[in-house]
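**Q** First the structure, then my questions, so here it is.
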Amino acid sequence: MKHILFLMLFAPPVLADGCPTAPDHRAEMDPLYQALLTAPDEMTARLITNEMWGYWDNAPDEASQSMLDEAMRARFDFVFALERLDALIGYCPFYAEGYNQRAFVNFLREDFEAALPDLERALELNPRHVGALSGRAVTLIALGRDDAAQVALRAALAVNPWLPERALLKSPVGDDL
């Protein structure tokens, strides 16, 4: 009982309050997704995607933004970055970028099995997240799941036809005449 009382008194207040809903940026993002489909070249698409990252990286509140920023700055300090991202996901389980960033850290660690479920969750929360879509494709390639990777890559390219990963796309069987 003493331990429960201690936790209630000294737990960080941010965990007690709960995470607010992530900002809804659909009005800003929809034109960007459309612009990706009509971008005349890779550089233009890259600029559009950079603008999208500004929305994806916009966490629900100051506490979650701090956790995300700390993890992103320390992404090659795998232990610390994963601790911050675990805390972020525990606090904001409906914020797609927390999962996407944890997947990225796990990808960098070459723990592809750990990365894949986070990418899937990020895409459940944000189905058009270009980073998570392309991340899922390259993670599946790293896992040797080539058929699934090609399906994932085609899904990513349907959102952004200029992704650098397009070079990994194989021609369908019968198209190599």
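**Q** Would a scan of the stretch 72-79 turn up a residue that is surrounded by 15 or more Cβ atoms within 10 Å (Cβ to Cβ), part of a helix (DSSP H, G or I) and without any contact (Cβ under 8 Å) to a residue 12 or more places away in the chain? First the steps, then the outcome.
**A** First, the residues of the stretch 72-79 that are surrounded by 15 or more Cβ atoms within 10 Å (Cβ to Cβ): 72, 74-75.
Add one more test, that the residue is part of a helix (DSSP H, G or I), and what stays is 72.
Among the residues that remain, those that are also without any contact (Cβ under 8 Å) to a residue 12 or more places away in the chain are: none.
Within the stretch 72-79, none of the residues are surrounded by 15 or more Cβ atoms within 10 Å (Cβ to Cβ), part of a helix (DSSP H, G or I) and without any contact (Cβ under 8 Å) to a residue 12 or more places away in the chain.
**Q** So which residues in the stretch 58-94 are among the charged types (D, E, K, R), closer than 30 Å to ALA39 by Cβ and either in contact with a Cys (Cβ under 9 Å, 6 or more places away or on another chain) or at pLDDT below 95 (or both), if there are any at all?
**A** Once the filter is applied, which keeps residues that are among the charged types (D, E, K, R), closer than 30 Å to ALA39 by Cβ and either in contact with a Cys (Cβ under 9 Å, 6 or more places away or on another chain) or at pLDDT below 95 (or both), the stretch 58-94 yields only ARG75.
**Q** Continuing with the same structure: I'm told GLU28 meets every condition in (1) at pLDDT below 95; (2) acidic (Asp, Glu); (3) closer than 23 Å to LEU133 by Cα except one. Can you identify the failing condition by its number?
**A** Unmet for GLU28, out of (1) at pLDDT below 95; (2) acidic (Asp, Glu); (3) closer than 23 Å to LEU133 by Cα: (1).
**Q** Shifting gears a bit: Go over the candidates GLU97, GLU110, GLU120 one by one and state the one that is at pLDDT 95 or above and outside any helix (DSSP H, G or I). Write out each step before concluding.
**A** Numbers: GLU97 fails: outside any helix (DSSP H, G or I); GLU120 fails: outside any helix (DSSP H, G or I).
Result: GLU110 is the single residue among GLU97, GLU110, GLU120 that is at pLDDT 95 or above and outside any helix (DSSP H, G or I).
**Q** Across the stretch 82-118, what is the total count of residues that are of a type in the set (Phe, Trp, Tyr) and surrounded by 20 or more Cβ atoms within 10 Å (Cβ to Cβ)?
**A** Pass one, the stretch 82-118, residues of a type in the set (Phe, Trp, Tyr): 91, 94-95, 99, 104, 107, 112.
Right, trim to surrounded by 20 or more Cβ atoms within 10 Å (Cβ to Cβ) and you get 91, 95, 99, 104.
So the count comes out to 4.
**Q** Pick from the stretch 136-145 the residues that are part of a helix (DSSP H, G or I) and among the small types (Gly, Ala, Ser): which of them is farthest from the chain's Cα centre (by Cα)? Even if it seems obvious, please write down each step before you answer.
**A** Keep residues of the stretch 136-145 that are part of a helix (DSSP H, G or I), which gives 136-142.
Pick out the ones that are also among the small types (Gly, Ala, Ser) and you get 137, 142.
Numbers: ALA137: 13, ALA142: 17 Å.
My answer is ALA142.
**Q** Take the stretch 45-71 and flag every residue that is within 14 Å of the chain's Cα centre (by Cα) and not in a helix (DSSP H, G or I).
**A** Residues satisfying the conditions are ASP57, ASN58, ALA59.
**Q** Answer yes if at least one residue in the stretch 153-163 is buried (at least 22 other Cβ atoms within 10 Å of the Cβ), of a type in the set (S, T, N, Q) and either out of contact with any strand residue (DSSP E or B) (no Cβ under 8 Å at 6 or more places or on another chain) or assigned to a loop (DSSP other than H, G, I, E, B) (or both), and no otherwise.
**A** Our first condition is that a residue be buried (at least 22 other Cβ atoms within 10 Å of the Cβ); within the stretch 153-163, this holds for 153, 156, 160, 163.
Now narrow it down to the ones that are of a type in the set (S, T, N, Q): 160.
If we keep only those that are either out of contact with any strand residue (DSSP E or B) (no Cβ under 8 Å at 6 or more places or on another chain) or assigned to a loop (DSSP other than H, G, I, E, B) (or both) too, we end up with 160.
Yes, the conditions are met somewhere in the stretch 153-163.
**Q** Have a look at LEU116, LEU157, LEU123, LEU68 and point out the one that is over 22 Å from GLU28 (Cα atoms) and touching a helix residue (DSSP H, G or I) at 6+ places or on another chain (Cβ under 9 Å).
**A** From the options LEU116, LEU157, LEU123, LEU68, the qualifying one is LEU116.
**Q** Being outside any helix (DSSP H, G or I) and either surrounded by 19 or more Cβ atoms within 10 Å (Cβ to Cβ) or in contact (Cβ under 8 Å) with a residue 60 or more places away in the chain (or both): is that true of PRO127 here?
**A** Details: outside any helix (DSSP H, G or I): yes; either surrounded by 19 or more Cβ atoms within 10 Å (Cβ to Cβ) or in contact (Cβ under 8 Å) with a residue 60 or more places away in the chain (or both): no.
No, not satisfied.
**Q** Residue check: is ARG121 surrounded by 15 or more Cβ atoms within 10 Å (Cβ to Cβ), closer than 23 Å to LEU32 by Cβ and basic (Lys, Arg)?
**A** On the way: surrounded by 15 or more Cβ atoms within 10 Å (Cβ to Cβ): yes; closer than 23 Å to LEU32 by Cβ: yes; basic (Lys, Arg): yes.
Taking the combined requirement at face value, the residue satisfies it.
**Q** Give the residue, chosen from ALA167, ALA158, ALA148, that is without any contact (Cβ under 8 Å) to a residue 40 or more places away in the chain, more than 16 Å from the chain's Cα centre (by Cα) and under 17 Å from LEU37 (Cβ atoms).
**A** Result of the check over ALA167, ALA158, ALA148: ALA158.
The values are calculated or read from the model by the stated rules, or taken from the named source; none is laboratory data. Note that the coordinates shown come from a computational prediction; the quantities given were computed from them, not determined experimentally. Note that each Cβ is placed from the backbone with ideal geometry, even for glycine, and that neighbours are counted across all protein chains shown.
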